[in-house]
Amino acid sequence: MAQYKSYEEINDKIKKGRAVILTASEISSLSKEMKPSEIAKKVDVVTTGTFAPMCSSGAFLNFGHTEPAMRMEEITLNDVPAYGGIAAVDAYIGATAEKPGNIEYGGAHVIEDLINGKGVYLKAKGKGTDCYPGKRWEGYINRESINEMIMFNPRNAYQNYASAVNGSDRTIYTYMGVLLPGFTNCTYSTSGELSPLINDPDCRTIGIGTAIFLGGTRGFISSAGTQFNKGREKNSAGISMGPAATIAVTGDMKKMNSEFIKAAVFEKYGVTLFVGIGIPIPMLDEEIARNVAIKNSEIETYIYDYANSGEIIRKVNYEELQSGIVEIHNKKVKTAPLSSISKAIKISELLKKSIFDGSFRITRPAEMFDMFPAQLKKLGATTGGIK
C-alpha cells in the first residue's frame, strides 16, 4: 500500500495551518462523493469519539504525607474502599468500588467529585512503624490539597460491543441497563462510525504512546487493554463482530472536565463511570482512508439474549440500532444506546479543533500492539484454576 503522508508531514501541515482535519462522521459523508484514494490525498487527520460506560477505570492518588507520617494501609474515600497496598500515601480507587450498603455511590462518584474540586473525606489506618509512626488520619482532601490524581483505566473503548435483549418473562438488571421481558427493549453501547477502534480496526496508527483526548484533556494509551482479543469473527467490511481490541489509558485527572467523566448507576447492578475518549487517526494511506470511511450500515454486531446464557438472536448493523427500532421475531423492538452519540460527536469536534489550533500534536506510537489473537481465559468454578 503506497504511503501518501508521514507523521512528520502531517504535523508540519498542522503547524503551518494547512492541514485538512475532519471528524469520522464528516468522512463517512465525504466517502459518498470521493474514492478512498482521493480522500487519502485530501485529508490529513480524522478525529473519532466515544462516551460510554467503561467499568474498568479508576485513579491513582497520592495524598501527601501526614503529620506524624504514616503508612496508609486501610483507606476509604467518602466511605468507598480504596486499595492502599502501593506505598505510604498512595492509593488506587476503582470506578466500580461501592460504599458498603449503598450501590448508588462508589469510586466513580469519588473520581467525579475530585475532578469537580469537591471535598472528599479520607479515612486511613496503619499499623505504625518506626519510620511511619502514625496509625490513623482522617479529614477532607480535594484536588488542590493532594499531590497527584492520575487516571489509569485498564480497559476502555471496546472496538465493538454486543447488543442486549431479554427473552424471559421477568425484568433483568444488567451492565447493559434494565432489560424488559419478552424482547421489549434492546440496548447497545458503541458509537458506531464514530467509535475510535472501529475506524482503525487493525490498530495501524493506534498503539502504545498514542496521544488521545481523555476526559477533556490530553491523555495517552499506555498499552493494549485487558481482554484485548483480535481473534474475533469479522464481517465483510473487516469489522470485529463484538468485543475485540481494547486500550489501557492514562491522563492527569487534575486537568479533566466532568462533562466527559461522569459517574453513573445501573439500577440494581451498581456503579460505573462514563468516560469520554477521542483518538486522532493520521491519514497515511488509502487503506486507512477506506477504514475511516466506514458507515453505520457496514458495522455489525450480534443481539444476545442476556436472560438465556447469551443466546444469539440475530445480527444487526448500527444504522438499524441507531434508527430506534429493530425487528426481533417479527416484533418491532425499541432500541436505546448506553453510549451518547451527541457527546461522541462533540468529542470528535473538540479534538478536531485542538489539532487545528496546534494545541494537540499527532504522535507516532512508541510500539504497536501485539496483534496475535488472545486466548481469553475464564476462572474454573470447580477447580479454582484458569481454564
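Of all the listed residues (336, 307, 289, 264), the sole one being of a type in the set (A, V, I, L, M), touching a residue at least 12 places away in the same chain (Cβ under 8 Å) and within 29 Å of residue 209 (Cβ to Cβ) is 289. Candidates 249, 292: the one that is in the same structural domain as residue 208 (by TED's automatic domain parsing) and under 15 Å from the mean Cα position of the chain (by Cα) is 249.
With respect to the conditions (1) more than 12 Å from residue 365 (Cα to Cα); (2) surrounded by fewer than 19 Cβ atoms within 10 Å (Cβ to Cβ); (3) touching a Phe, Trp or Tyr at 6+ places or on another chain (Cβ under 9 Å), residue 222 falls short on a single one, namely (1). Among the residues making up segment 309-337, those that are surrounded by 13 or more Cβ atoms within 10 Å (Cβ to Cβ) and of a type in the set (S, T, N, Q) are 317, 322, 335.
Tell me whether segment 68-78 contains one or more residues that are surrounded by fewer than 16 Cβ atoms within 10 Å (Cβ to Cβ) and hydrophobic (A, V, I, L, M, F, W, C). Looking through segment 68-78, at least one residue is surrounded by fewer than 16 Cβ atoms within 10 Å (Cβ to Cβ) and hydrophobic (A, V, I, L, M, F, W, C).
Select from segment 339-387 the residues that are hydroxyl-bearing (Ser, Thr, Tyr), at pLDDT 80 or above and part of a loop (DSSP other than H, G, I, E, B) and write down the one among them that is nearest to residue 280 (Cα to Cα).
Let us first name the residues in segment 339-387 that are hydroxyl-bearing (Ser, Thr, Tyr), namely 339-340, 342, 348, 354, 359, 363, 382-383.
Adding the requirement that they be at pLDDT 80 or above leaves 339-340, 342, 348, 354, 359, 363.
Those left that are additionally part of a loop (DSSP other than H, G, I, E, B): 339-340, 359, 363.
Values: 339: 19, 340: 19, 359: 13, 363: 9 Å.
Checking each candidate, the answer is 363.
If you check 354, 340, which single one turns out to be surrounded by 15 or more Cβ atoms within 10 Å (Cβ to Cβ), over 27 Å from residue 265 (Cβ atoms) and under 25 Å from the mean Cα position of the chain (by Cα)? Before you say what the answer is, go through the steps one by one.
Numbers: 340 fails: over 27 Å from residue 265 (Cβ atoms).
Every option except 354 fails the conditions.
Taking the stated definitions as given, is residue 245 outside any strand (DSSP E or B) and surrounded by 20 or more Cβ atoms within 10 Å (Cβ to Cβ)?
So residue 245 passes the test.
Among the strands (runs of 3 or more DSSP E) confined to segment 35-114, there are none with at least 2 residues that are on the phi > 0 side of the Ramachandran plot. Considering only segment 120-168, state which residues are among the aromatic types (Phe, Trp, Tyr), over 25 Å from the mean Cα position of the chain (by Cα) and crowded, with 17+ Cβ neighbours inside 10 Å. Selection gives 132, 137. Residues in segment 191-216 that are more than 19 Å from residue 23 (Cβ to Cβ) and assigned to a strand (DSSP E or B): 208 alone.
Name every residue in segment 14-34 that is more than 17 Å from residue 348 (Cβ to Cβ) and either touching a helix residue (DSSP H, G or I) at 6+ places or on another chain (Cβ under 6 Å) or assigned to a loop (DSSP other than H, G, I, E, B) (or both), in order of residue number. It would help to see each step written out before you state the result.
Keep residues of segment 14-34 that are more than 17 Å from residue 348 (Cβ to Cβ), which gives 15-18, 32-34.
Of everything in segment 14-34, those that are more than 17 Å from residue 348 (Cβ to Cβ) and either touching a helix residue (DSSP H, G or I) at 6+ places or on another chain (Cβ under 6 Å) or assigned to a loop (DSSP other than H, G, I, E, B) (or both) turn out to be 16, 17, 18, 32, 33, 34.
The values are calculated or read from the model by the stated rules, or taken from the named source; none is laboratory data. Note that the structure is a prediction, hence the values are computed from the model and not measured. Note that we place each Cβ from the backbone using ideal geometry, even for glycine, and neighbour counts take in every protein chain shown.
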